[in-house]
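Notes follow once the structure below has been shown.
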Amino acid sequence: MTSKDPTMMDIIGTILSRLVNVALFLVIGLLSLVAFMGRTDLHVAVCGLLAVVCGVIGTILVRLLFRGIANLGGLTRRSED
């Protein structure tokens, strides 16, 4: 077994990271859908499309923010083997 083989913790971390991405997308998308539906008189399909776009962009921005904070704090440093 070489050191480049993924461990069980790496696999679980990848799965949890993807689940967090989906959860962020759903929360941001639903909040933006409610905001668009309540504050505009756009068609429902247009509001839905805008909510999906906001969900994707918001998820990317939040993940970048978390990674930036982690890098700033030095939390993602790994020892080189």
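The values are calculated or read from the model by the stated rules, or taken from the named source; none is laboratory data. Remember, predicted model here, so these are calculated numbers, not experimental data. When we count neighbours, we look across all protein chains shown, and the Cβ atoms used for this are built from the backbone with ideal geometry, even at glycine. Heads up: the accessible areas ignore ligands, DNA and RNA and are worked out on the full protein's heavy atoms, side chains in. Shrake-Rupley method; radii C 1.70, N 1.55, O 1.52, S 1.80 Å.
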Of everything in region 34-45 that's part of a helix (DSSP H, G or I) and open to solvent by less than 70 Å² (accessible area, probe 1.4 Å), which residue is farthest from SER17 (Cα to Cα)? GLY38
For region 3-33, enumerate the residues that are open to solvent by 80 Å² or more (accessible area, probe 1.4 Å) and assigned to a loop (DSSP other than H, G, I, E, B). SER3, LYS4, PRO6
Being among the β-branched types (Val, Ile, Thr) and closer than 24 Å to ARG63 by Cβ is the filter here, so list the residues in region 1-52 that pass it. THR7, ILE11, ILE12, THR14, ILE15, VAL20, VAL22, VAL27, ILE28, VAL34, VAL52
